[in-house]
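Please read the structure below before turning to the comments.
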Amino acid sequence: IAASSGQPVGDMMATWTRRRGFPILSVSLEPGSSSSSASTSNQLLSLNQVPYHAPRTYTVGLPFTPEMYCNDWTDDVADSSWWIPVALRVTGSNAVQWHAFSNCSSNLTLAVPHNGWVLANVGRYGFYRVNYSEPLWAVLTAAATQQSTIDSIDLGGLLDDAYSLSLVRQLSITTFLGLTKALGGRVQPELPPWSIGLGWLQRMADVLSSAAFLGDAAGGAQWRSCLGNLRQFVTDQLTGPFIQHLEVPGQAKPGLTFDVNSQDSPELRLLRPKLLTAAGFLGHSGVMQQASQLLQQAATGQVVLAADVTKAVYSLAVGSGDETAYEAVQKIYEQVGLGL
């Protein structure tokens, strides 16, 4: 490959294959000179890399900084960073620009509309996290509400990066929560961002649920309140609006239900059970009630559950705490002979 391309591929890949971990790419914009367009200016894009794991100079409770050694696995400054290929896209353009660097930092000039944004790692080809400056996170969060502006793969990447960066104290969890609101407004069956967003929200709920069992002296009441607020947020801002307004082909009225029809796209069929299950366990009472009713009807032979949603209906109905739902599942279990 190196001979054919004329590029030092071996040296590039050695920065990944011969060391642990992966980097965080920090991205920021600094205003520059005005261009020929009154609405656009040349701005300095600043890229910095630090390791996702904690540097040796790390103090617990503090964020990493670009001033720290950009890769602390070695004392050899010449061998202290990754070779990072970066796909970039700016506001108002679908064109992707590529930039690669192997030092701890790199700068380049881009023509960016005023109050615009730069998206890095477009298409999610690079194996690294991306952290933006606070102003860039703000404009990207606003842009993410439009599917035509930020596609589903890149929204999924933004959500995944935002939550993962909060785990290593590089970013406030409020940035992730702000991004999730875009899911409730983009009323399209998009599997990647919903899978990522719901996965992390469920993790947050699991942690808070465990903490809620603590005694009041240990802050249990506070964690119960936090859990209630999280569930309310998810229902009001994400799952509620999406379930209510989604246009489903072949369905007379808008709304996502447990009904499966032949016009469903593969993405919708994969998303439906995942989203409805998460919505129910994250506080959507209407979904829980619908699952319990469907289970009762299935147990008495009134309906036949589609294979796509059977697991979702069973888990939600039993998880609701409804004793009759549990008994219905037990009856079905015994009828098929598995209880013998």
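The values are calculated or read from the model by the stated rules, or taken from the named source; none is laboratory data. Note that this is a predicted model, so its numbers are computed, not measured. No Cβ is skipped: glycine too gets one built from the backbone with ideal geometry, and neighbour counts run over all protein chains shown. When the accessible area is computed, the model is the full protein with side chains, heavy atoms only, and any ligands, DNA or RNA have been set aside. Shrake-Rupley method; radii C 1.70, N 1.55, O 1.52, S 1.80 Å.
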Can you list the lysines whose alpha carbon is less than 29 Å from that of Lys181, not counting same-chain residues fewer than 8 positions off? Lys253, Lys274, Lys311
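So what is the 222 nm mean residue ellipticity for the chain from helices alone, if each DSSP H run of at least 4 adds -39500 (n - 2.57) and you divide by all residues, rounding to the nearest 500 deg cm²/dmol? Working shown, then result.
Working: 12 runs with 148 residues, N = 340.
Calculated mean residue ellipticity at 222 nm is -13500 deg cm²/dmol.
If the chain between Ala95 and Leu44 were fully stretched, how many nm would it gain, using 0.36 nm times the residue separation less the Cα-Cα distance? Numbers along the way, then the final one.
Numbers: separation 51, 0.36 × 51 = 18.36 nm, distance 1.84 nm.
Value of the extension gain: 16.5 nm.
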Excluding Gly123 itself, what net charge comes from residues whose Cβ is under 10 Å from its Cβ, given Lys and Arg +1 and Asp and Glu -1? 0
Calculated from backbone phi, Karplus (6.51, -1.76, 1.60) coupling profile of the range 117-123 in Hz, x at Gly/Pro: 10, 10, 9, 10, 6, 4, x
Could I get the Rg over Rh figure for the range 112-261? Both from C-alpha atoms, Rh via Kirkwood, rounded to two places. 1.02
For the chain, give the share of DSSP beta bridges that are antiparallel, in percent and rounded to the nearest 5; count only bridges with both residues there. 85
Order of exposure, largest accessible area first, which applies to Asp206, Asp322 with probe 1.4 Å: Asp206, Asp322
Could you state the accessible area per residue of the chain in Å², with a 1.4 Å probe and every protein chain left in place? 50
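Please list Ser4, Ser195 from largest to smallest accessible area, probe radius 1.4 Å, with all protein chains kept in place. Walk me through the numbers before you get to the answer.
Numbers: Ser4 115, Ser195 40 Å².
Highest to lowest solvent-accessible surface, that is Ser4, Ser195.
In debye, nearest 20: dipole of the range 132-265 around its Cα centre with unit charges on the Cβ of K, R (+) and D, E (-)? Could you put the intermediate results ahead of the total?
Numbers: 7 positive and 12 negative charges, 70 e Å.
With Lys and Arg at +1 and Asp and Glu at -1, about 340 debye.
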Go through the range 323-332 residue by residue and turn each phi into a ³J(HN,Hα) via Karplus (6.51, -1.76, 1.60, θ = phi - 60°); whole Hz please, and just put x for glycine and proline. 4, 5, 5, 4, 5, 5, 5, 4, 5, 4
Binned at 10 Å starting from 0, the alpha-carbon pair-distance distribution of the range 151-234 in whole percents comes out as 18, 44, 29, 8, 1
Between Leu214 and Ser4, what is the label-to-label distance in nm when each label sits 7 Å out along the Cα-to-Cβ direction? 5.7
In degrees, nearest ten, helix 152-167 long axis to first principal axis of the chain (Cα): 80
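For the chain, which span is the longest to avoid every loop-located (per DSSP) member of chymotrypsin sites (Phe, Trp or Tyr not before Pro) having at most 14 other Cβ atoms inside 10 Å? Let's see the in-between values first.
Working: sites that count: Tyr125, Phe127, Phe213.
Formally, the longest exposed-site-free interval is 214-340.
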In Å, the C-alpha Rg and Dmax of the chain are 24.2, 79
Within the chain, longest stretch clear of exposed trypsin sites (Lys or Arg not before Pro) (DSSP loop, no more than 14 other Cβ within 10 Å): 170-340
Using label points projected 7 Å from each Cα along Cα→Cβ, tell me how many nm separate Thr109 and Phe233, to one decimal. 4.2
To the nearest 20 Debye, how big is the dipole of the chain about its Cα centre, given +1 on the beta carbon of each Lys and Arg and -1 on that of each Asp and Glu? 60
Would you please state the base-10 log of I(q)/I(0) at q = 0.14, 0.16, 0.19, 0.27 1/Å for the range 251-317, with intensities from the Debye formula using one equal scatterer on every alpha carbon? -0.38, -0.50, -0.71, -1.30
On C-alpha positions alone, give me the angle between the axis of helix 285-299 and the longest principal axis of the chain, in degrees, nearest 10. 50
What distance in nm separates the simple spin-label points at Ser102 and Glu267, each placed 7 Å from Cα in the Cβ direction? 3.8
Length gained if Gln202 through Thr174 is fully extended, taking 0.36 nm per residue and subtracting the Cα-Cα distance, is 8.5 nm
Top mean-square fluctuation among Gln297, Gln202, Gln237, Gaussian network model of the chain, C-alpha springs under 10 Å? Gln297
